[in-house]
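The values are calculated or read from the model by the stated rules, or taken from the named source; none is laboratory data. All figures in this text were calculated on a predicted structure; none of them were measured in a lab. A quick note on method: Cβ atoms are made from the backbone with ideal geometry, for glycine too, and the neighbour counts reach across all protein chains shown.
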Amino acid sequence: MLYSFTFHVSRITNYLYQERSITEKINLKQEVFSMCIIVREIKLEDVEGAAEVIKTAGMGSGEEIRSWIENLKEGEHIFVAEKEGKIISLVSAILKQPPYGFIPTVATHSDYRRLGAATKTLGAALAKAKEAGFSIVGLFTGRNNIAGQGLYKKLSFVPAHPMAMVYLINPLKIPLIDELKNKRPFIEPRLEESLVKVEGIDCACLKWYDVISKEQIAFCFNPIHEWYQGNPTVAFNLMKLDINSSSLNLDASIQTHASNFNLCQDAETAVGIILENRSASEFEYKLKIELPSCLTTEDKLNEIEAKVAPRGKHSHNINVMVPKDAQVGVAPVYFKVNDMIPISATLWIRNMIEFNLTPKILTLAPGENGQVSINLTGNHPEPNDVEYELAYPADFSLQPSGWKISNFKQGNKLLFQQSVTIPSEAKHGSYELTGKVAYRNREFISTIKLRITDFPRILLLTKDEGTEPLIDAILSEPTNGLTWLTLQEVINLNWLDTLTRYNLVILDELQRPRPLSFEQMWSIRHGVENGIGFLMFGGWETCQGHDAERCGLYKGTPIEEIVPVELYSEWDTYETEGFRIDKERTIEPFKLKCVDENHPITQGIDWESVPSITGYNKCASVKEKGKVLVVNEKTNHPILVIGEYGRGKVAVFLTCHGRGWSGGVKEWSGFNRLWNNLIQWLARK
């Protein structure tokens with residue numbers, strides 16, 4: 001059944017409000033706040049407000065919202081909550097064919113969470129669904145989204161499947177998946193699935209895996225018996241699908257779900273199909289195959305007809321040919337049992353060589369010598385020479401330009417370096433180095449950005465993802481020279497030799513004890529003592545850290561010695577409910593407050609417009625010589641603290657720089673200005 005909602009509003013006085021418990025105060029605050037909220041369907045003029053909600057909720061840039069509104073089809077709705085002319089919450093609903101509806105989006109502006117806006121907006125969507133004759137409405141949310149789960153439970157949703165990463169509720173209708181596959185053709189079902197009962201009806205739940213974006217997407221399908229009595233319009237990858245009914249009792253699965261092939265010669269593989277009959281009677285079946293155009297098989301699967309004995313198993317090995325000119329990528333092979341049960345094997349067709357240059361960004365001065373690392377991985381069946389060439393900018397020519405790598409055998413992994421010397425007459429600016437590998441008439445290319453400058457020279461140590469906004473901000477200043485090293489590159493770094501090249505080291509999230517060793521931290525401390533600047537950002541994998549799996553563990557290390565704050569000995573991350581499971585370290589979203597707008601780092605910045613932050617690392621104390629410039633507006637806990645260590649200037653920014661907790665900050669007008677002010681102060685000649 002669907003649920004109806006009535007919102008009751010009562011008059012209260014300030015006196016009564018003061019006498020309430022904390023929980024009652026929160027409830028009354030939400031009730032009073034909701035009196036001012038208007039819930040309605042979205043209009044085109046709501047584009048900017050709706051985009052801001054999507055952006056602050058961490059669900060994307062919001063740029064797609066105009067397209068959503070302009071292309072709404074019959075049965076598609078977007079509801080918004082409006083307060084004093086401002087859009088503060090948004091819920092989308094797909095109500096196309098009763099009885100099953102779906103809610104893809106529930107988003108609330110970060111400044112208006114936990115005030116009842118989402119409850120009221122979602123309630124309007126459910127009321128619309130009930131009015132249109134829908135009896136089951138589903139949605140899904142992250143398992144760590146405690147606040148969201150609480151809201152959905154309050155509205156009488158029930159979990160349909162306790163998946164590892166997804167809290168999934170109620171079933172979806174198949175046409176939605178057809179549309180999804182048309183929009184994202186590389187989506188591929190990969191992980192786990194099972195039957196669940198929703199209101200006594202068997203439904204199939206699957207977790208999907210997007211092989212391009214690496215995202216996990218989960219869906220729950222409509223009742224099994226409705227699905228398999230008709231012919232599905234697309235073949236789904238159902239592994240270990242267990243159907244229990246009077247007409248069919250079968251478990252069909254694939255034995256080997258992924259194989260790798262390299263494009264240097266024709267290849268052949270066998271894919272095993274296992275069918276298990278769990279019923280007490282014999283089961284007859286016909287097995288068919290659907291191959292992508294790049295694959296072939298000599299097996300005549302359309303003619304395979306067989307029987308499975310009661311309580312028995314039957315297996316088939318299907319030979320699949322992969323030609324050497326097949327396109328690189330994912331090649332799904334689908335099998336059907338009696339035109340009803342689709343199962344599949346996934347063939348990953350790869351290049352025989354993987355090649356990349358590091359670092360991704362390199363800074364050198366005119367006349368300076370540097371190192372470019374060449375990473376080659378061989379994955380082919382026979383030895384062969386590989387031609388390698390490094391192409392330089394047109395403005396100058398460098399040697400050597402290329403050489404042969406002899407006997408590059410199957411499974412070889414090579415990491416070697418080429419010296420790069422910048423001519424003394426080279427002009428300051430940004431260039432590109434291009435590496436090329438030629439092998440069997442195929443060419444593989446990798447590039448790095450080269451910036452030629454004298455000062456300041458910045459070394460950024462960070463994990464791979466989410467760093468682009470910070471890098472763009474640093475490179476927005478033409479004189480800034482940046483070298484960007486990611487996890488594996490940090491491990492291979494010759495530290496004492498490398499640090500002398502730089503004026504500033506920026507330490508982003510790098511989980512310990514690898515890749516940052518004690519010896520490497522000692523090298524950083526030694527460099528700061530001798531005049532190198534140092535900046536450390538906050539996050540799950542820095543300071544002391546989030547938990548045993550995502551931590552920095554910098555307490556008691558040379559890094560703690562040089563920063564201007566004392567670190568906690570326990571986990572130090574404090575976040576909003578959407579990030580946390582435990583309540584002890586749960587906070588409200590907050591804004592940054594500058595306590596010294598006359599300092600060279602903070603001056604000239606519009607601090608009133610900074611977006612809300614949803615988490616930070618709490619320090620134990622500020623050291624005696626530390627100076628606090630920016631704090632948490634609500635608690636006054638330090639966020640930006642500066643100081644000195646030896647001859648070097650140091651700083652900590654105890655939240656993220658534009659990912660995670662502070663995802664909206666990268667759109668802030670003061671984003672570039674803040675980091676470049678900080679760089680100029682820290683990196684002195």
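Would the stretch 657-668 turn up any residue that is outside any loop (DSSP other than H, G, I, E, B), among the hydroxyl-bearing types (Ser, Thr, Tyr) and within 28 Å of LEU461 (Cβ to Cβ)?
Of the residues in the stretch 657-668, the ones outside any loop (DSSP other than H, G, I, E, B) are 660-667.
From the residues that got through so far, the ones that are among the hydroxyl-bearing types (Ser, Thr, Tyr) too are 662.
The next check asks that each one be within 28 Å of LEU461 (Cβ to Cβ); those that pass are 662.
Yes; the residues of the stretch 657-668 include at least one that is outside any loop (DSSP other than H, G, I, E, B), among the hydroxyl-bearing types (Ser, Thr, Tyr) and within 28 Å of LEU461 (Cβ to Cβ).
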| request: Just name the residue that is modelled with the lowest pLDDT out of those in the stretch 479-517 that are within 26 Å of HIS546 (Cβ to Cβ) and either acidic (Asp, Glu) or in the same structural domain as LYS427 (by TED's automatic domain parsing) (or both). | output: GLU489
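Give TYR167, TYR152 a once-over and let me know the one that is at pLDDT 70 or above and not aliphatic (A, V, I, L, M). Steps first, answer last, please.
Details: TYR167 fails: at pLDDT 70 or above.
Among TYR167, TYR152, only TYR152 is at pLDDT 70 or above and not aliphatic (A, V, I, L, M).
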| field | Residues satisfying the stated conditions in the stretch 623-672, i.e. buried (at least 19 other Cβ atoms within 10 Å of the Cβ) and among the basic types (Lys, Arg) | value | LYS649, ARG659, LYS666
| Mind checking whether some residue in the stretch 643-655 is assigned to a helix (DSSP H, G or I), modelled with pLDDT under 95 and under 16 Å from PHE537 (Cα atoms)? | no
| query | Out of the stretch 596-621, which residues are in a strand (DSSP E or B) and of a type outside the set (Val, Ile, Thr)? | reply | GLY615, TYR616, ASN617, SER621
| field | Flag if LYS449 is farther than 17 Å from GLU368 by Cα, in contact with a Ser or Thr (Cβ under 9 Å, 6 or more places away or on another chain) and either at pLDDT below 85 or outside any loop (DSSP other than H, G, I, E, B) (or both) | value | no
| query | In the stretch 581-595, which residue that is part of a loop (DSSP other than H, G, I, E, B) and farther than 13 Å from TYR616 by Cβ is modelled with the lowest pLDDT? | reply | ILE581
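Quick one: is LEU415 in contact with a strand residue (DSSP E or B) (Cβ under 6 Å, 6 or more places away or on another chain), part of a strand (DSSP E or B) and either over 18 Å from LEU357 (Cβ atoms) or modelled with pLDDT under 70 (or both)? Spell out how you get there, then give the answer.
Details: in contact with a strand residue (DSSP E or B) (Cβ under 6 Å, 6 or more places away or on another chain): yes; part of a strand (DSSP E or B): yes; either over 18 Å from LEU357 (Cβ atoms) or modelled with pLDDT under 70 (or both): yes.
In short, yes.
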| task | Can you give me the number of residues within the stretch 91-118 that are farther than 13 Å from HIS77 by Cβ and more than 27 Å from the chain's Cα centre (by Cα)? | result | 6
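Looking at the stretch 42-58, which of the residues that are part of a loop (DSSP other than H, G, I, E, B) and either of a type in the set (Asp, Glu) or surrounded by fewer than 19 Cβ atoms within 10 Å (Cβ to Cβ) (or both) is farthest from the chain's Cα centre (by Cα)? If you could, list the steps in order and put the result at the bottom.
Looking only at the stretch 42-58, we keep the residues that are part of a loop (DSSP other than H, G, I, E, B), and these are 42-43, 57-58.
Add one more test, that the residue is either of a type in the set (Asp, Glu) or surrounded by fewer than 19 Cβ atoms within 10 Å (Cβ to Cβ) (or both), and what stays is 43, 58.
Numbers: LYS43: 30, GLY58: 11 Å.
This residue is LYS43.
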| remark: Within the stretch 358-374, the count of residues that are closer than 13 Å to THR453 by Cα and in contact with an Asp or Glu (Cβ under 6 Å, 6 or more places away or on another chain) comes to 1
